Structure formats: structure tokens, C-alpha cells
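Peer 1: I have a structure I would like to understand better, so I am pasting it below and will then ask my questions one at a time.
The values are calculated or read from the model by the stated rules, or taken from the named source; none is laboratory data. For clarity, every value in this text was computed on a predicted model and none was experimentally measured. Cβ atoms come from the backbone with ideal geometry, glycine included; neighbour counts cover every protein chain shown. Surface areas here come from the heavy atoms of the whole protein model, side chains and all, with no ligands, DNA or RNA. Shrake-Rupley method; radii C 1.70, N 1.55, O 1.52, S 1.80 Å.
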Amino acid sequence: MTFSSIDLTALVGTEIQTDVDTLLSGSRAAEIRHLLEQRGVVIFRKLFLDGPQQVAFAKTLGDVLPQGDNYIMKISIDPKESPGAEYLKGSFYWHIDGATDLVPTRASLLTAKKLSDTGGQTEFTNTYAAYESLPDSDKQAFENLRVVHSFETAQRMINPEPSYAELQMWQRNTPKVHPLVWTHQSGRKSLVLGATASHIEGMSFEEGRALLCRVLEWSTQRQFVYQHQWTVGDLLIWDNTGVMHRVTPYSLESGRMMHRTTLVGEEALA
């Protein structure tokens, strides 16, 4: 059995070199989970897992969310592949999956099946490292701030003039209020931001939006970001509780297809 790792940047992203049998055995699962928390993203190049193998590997890391077909969600904004998936263009903006849930998903595994000729790379920013690098004055100022997250806020970024029916659909997703600073069970802290962040409780709308803009700009500086240049067959896992992610824009008609398996959330935002 082979297993080695190499960090891809100073603060985020680690490539693991191993074989499929080692991953499916679960013998390295604890080590992979530790790397995931510390590094935010782990990558396995050209692993070419099929659906059952991807799900079996995911189950060595945690409980799997019952989504899609046998725990595999096909991710595409191509209307031929996923009619009505226009809302997925929101993935072009920094976000955390499940930010309008009380318990965001733990992590996601993504396998590249078909790529776009242009764009379609995925970027991740380490929100643990971004928090830890803040000046002490900002850490103190942010400690008790509460941010309202809503699906509508994210969707207005891609469709600023919705129909009434679209708006009603967006608003069925009840906004949630989360701390700007997430204190995890481990004791470490990360920032909770992204496209769903609407405003800050207790601040004027303008002041709160300005602060969210400043913190997002801080958190997405180059030193916190890893961009993955996909090759078909790559498997990538990201810690949804410790990174934000986005995909660089690509054509809706490109046929880009990714297979995702998601781990159930393990801790509420606090």
C-alpha cells in the first residue's frame, strides 16, 4: 500500500498519492480527516473512482448524505444534463454549502467526469487561516457579530430581477443567522462568509455590507487560496466547515460534469 502527501501551498491544499485499495480499506481515514481539517482541501490526481468506489471511500470518512442517485449527485449547469439548474451559476461566487442550514455539511468529495474547454477550475480559500491571520483588533471586533444568510441574497447575484414566482421560491428558504466567527468543537475558529451573507444584525445595512465586503476581501487574498486545475479522473475533497469555494465561470453548454458525494454535518454553527 502506498501513501504520501505533499502540500500545494503554504496554507491550503494537500495532494495525496495513494492507490484505490488503500482508500477503500479505511486504514488512512483518520489521517485524511486530520489533513482535511488542517489543510482545507485534499486532492487525489487521476484516481478514476467509479460511483460505488467513491461512495465506499466517503463512508470511511463519515456519514453520507442521501442525495442524488445512490449517494452520487451529478453537478452540471448544462441545460441538457440538468434542466432547471440555472441556480448553480451561484457557484461562480465564494460560498459555503448549506450556509442557510443550522448544520452545514461536513465535507464533499468531487470527481471530474467531463471538463469545460475554458474555465471551470475550482478555487478554495482557507477560512481558518484567514481568521488566524486577522489583527487582534479585528478578532475582538468580530467576536460577537451575527450575520443573516439567505438563499435570496445569493440568487440575486445571478438574477437581480426575478419574476414574482422565482422570488417566492427563493423565499421559501428561511434565512438563518450565524456568527461571523465560528468557534469549532476543536477550539479553532473560522470565518463564515460568502454569497449568502446578507447583512449584520444590529448594524445599518450599509455599514454591515461594507464590513462583509472588507472581510471577504481579506479572506480571499492569494495566500489563503488554492486553485485546482482539473484533469478528468481527479478526486478532490474539501472541508466545507473551514473553506469557502467557487468555480471559475464556464459555458453552460460545455457539458462539464462532476460527481459529488457529501458528508453529513457534524457540528452546528456556534
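Peer 1: Largest first, how would Lys74, Lys139, Lys80 line up by accessible area (1.4 Å probe)?
Peer 2: Details: Lys74 120, Lys139 45, Lys80 155 Å².
Heavy-atom accessible area, descending, gives Lys80, Lys74, Lys139.
Peer 1: Do any GluC sites (Glu not before Pro) in the stretch 158-252 lie in a DSSP loop with no more than 16 other beta carbon atoms within 10 Å, and if so, which? Could the numbers behind the result be given before it?
Peer 2: On the way: sites: Glu166, Glu201, Glu206, Glu207, Glu217; in loops: Glu201.
For GluC sites (Glu not before Pro) across the stretch 158-252 that sit outside H, G, I, E and B with at most 16 neighbouring Cβ atoms in 10 Å, the list reads Glu201.
Peer 1: Now a separate question. For the stretch 1-144, just list the percent of Cα-Cα distances falling in each 10 Å bin from zero outward, please.
Peer 2: All Cα pairs, binned at 10 Å, distribute as 9, 33, 37, 17, 4, 0 percent.
Peer 1: Follow-up question, since we're still on this one. Quick one: give the max-minus-min coordinate of the C-alpha atoms of the stretch 111-270 along each principal axis, largest first, in Å.
Peer 2: Sorted from largest, the Cα extents of the stretch 111-270 read 45, 41, 29 Å.
Peer 1: Using a cut-off of 29 Å between alpha-carbon atoms, which lysines can reach Lys139, once sequence neighbours fewer than 8 places away in the same chain are excluded?
Peer 2: Lys176, Lys189
Peer 1: A follow-up question, please. Kindly provide log₁₀ I(q)/I(0) values, in the same order as q = 0.08, 0.14, 0.16 Å⁻¹, from the Debye equation applied to equal alpha-carbon scatterers of the chain.
Peer 2: -0.32, -1.01, -1.32
Peer 1: Return the lysines within reach of Lys80: Cα separation strictly under 25 angstrom, same-chain partners fewer than 8 residues apart disregarded; answer none if there are no such residues.
Peer 2: Lys89, Lys113, Lys114
Peer 1: Taking a cut-off of 18 Å, what percent of all Cα-Cα pairs in the stretch 179-245 are separated by more than that? Show your work: numbers first, answer last.
Peer 2: Working: 1111 of 2211 pairs.
Value for the stretch 179-245 (Cα pairs over 18 Å): 50 percent.
Peer 1: Quick one: order Arg45, Arg246, Arg172 from most to least accessible surface, probe 1.4 Å.
Peer 2: So, going from the largest accessible area down, we get Arg172, Arg45, Arg246.
Peer 1: Moving to a separate point now. What is the P(r) of the stretch 228-270, as percent of Cα-Cα pairs per 5 Å bin from 0?
Peer 2: Percent of pairs per bin, in order: 5, 12, 24, 24, 16, 10, 6, 2, 0.
Peer 1: I want to verify a result. In a Gaussian network model of the chain, Cα cutoff 10 Å, which of these has the top mean-square fluctuation: Trp182, Trp230, Trp170?
Peer 2: Maximum among the listed residues: Trp170.
Peer 1: Follow-up. About its Cα centre, how strong a charge dipole does the stretch 152-237 have in debye, to the nearest 20, once Lys and Arg get +1 and Asp and Glu get -1 at the Cβ? Kindly include the intermediate steps, with their values, before the conclusion.
Peer 2: Details: 8 positive and 8 negative charges, 68 e Å.
Dipole size: approximately 320 debye.
Peer 1: Can I ask one more? Counting C-alpha atoms alone, how compact is the stretch 138-210: give Rg to one decimal and Dmax as a whole number, in angstrom.
Peer 2: Looking at the stretch 138-210, its Cα Rg and Dmax stand at 14.1, 44 Å.
Peer 1: If the cut-off is a Cα-Cα distance under 18 Å, which aspartates and glutamates reach Lys74, setting aside same-chain residues fewer than 8 apart in sequence?
Peer 2: Here the aspartates and glutamates satisfying the reach criterion relative to Lys74 are Asp50, Glu86, Asp97, Asp234, Glu253.
Peer 1: Would you calculate, for the chain, the mean residue ellipticity at 222 nm contributed by helices, counting each DSSP H stretch of 4 or more residues as -39,500 (n - 2.57) and dividing by all residues, to the nearest 500? Walk me through the numbers on the way to the answer.
Peer 2: Values: 8 runs with 69 residues, N = 270.
The helix contribution divided over the chain gives -7000 deg cm²/dmol.
Peer 1: What does the accessible area of Ser137 come to, in Å² to the nearest 10, when a probe of 1.4 Å is used?
Peer 2: The accessible area of Ser137 comes to roughly 80 Å².
Peer 1: Give me the 1.4 Å probe accessible area per residue for the stretch 79-218, excluding ligands and nucleic acids, in Å². Could the numbers behind the result be given before it?
Peer 2: Values: 6970 Å² over 140 residues.
Roughly 50 Å² per residue, with all protein chains present.
Peer 1: Give me the Kirkwood hydrodynamic radius of the stretch 103-173 in Å, from all C-alpha pairs, to one decimal place?
Peer 2: Values: mean 1/r = 0.0602 Å⁻¹.
Radius from the Kirkwood sum: 16.6 Å.
Peer 1: Let me ask another. Take the Cα atoms of the stretch 20-84, find their three principal axes, and give me the spread along each one in whole Å, biggest first.
Peer 2: Answer, in whole Å and largest first: 39, 24, 23 Å.
Peer 1: Further question on the same structure: Considering the chain as a Gaussian network with a 10 Å cut-off on Cα pairs, which listed residue, Met258, Met157, Met244, attains the greatest mean-square fluctuation?
Peer 2: Of Met258, Met157, Met244, the Gaussian network model singles out Met157 as fluctuating most.
Peer 1: If the elastic network links every pair of Cα atoms under 10 Å, which of Ile43, Ile158, Ile237 fluctuates the most in the Gaussian network model of the chain?
Peer 2: Ile158
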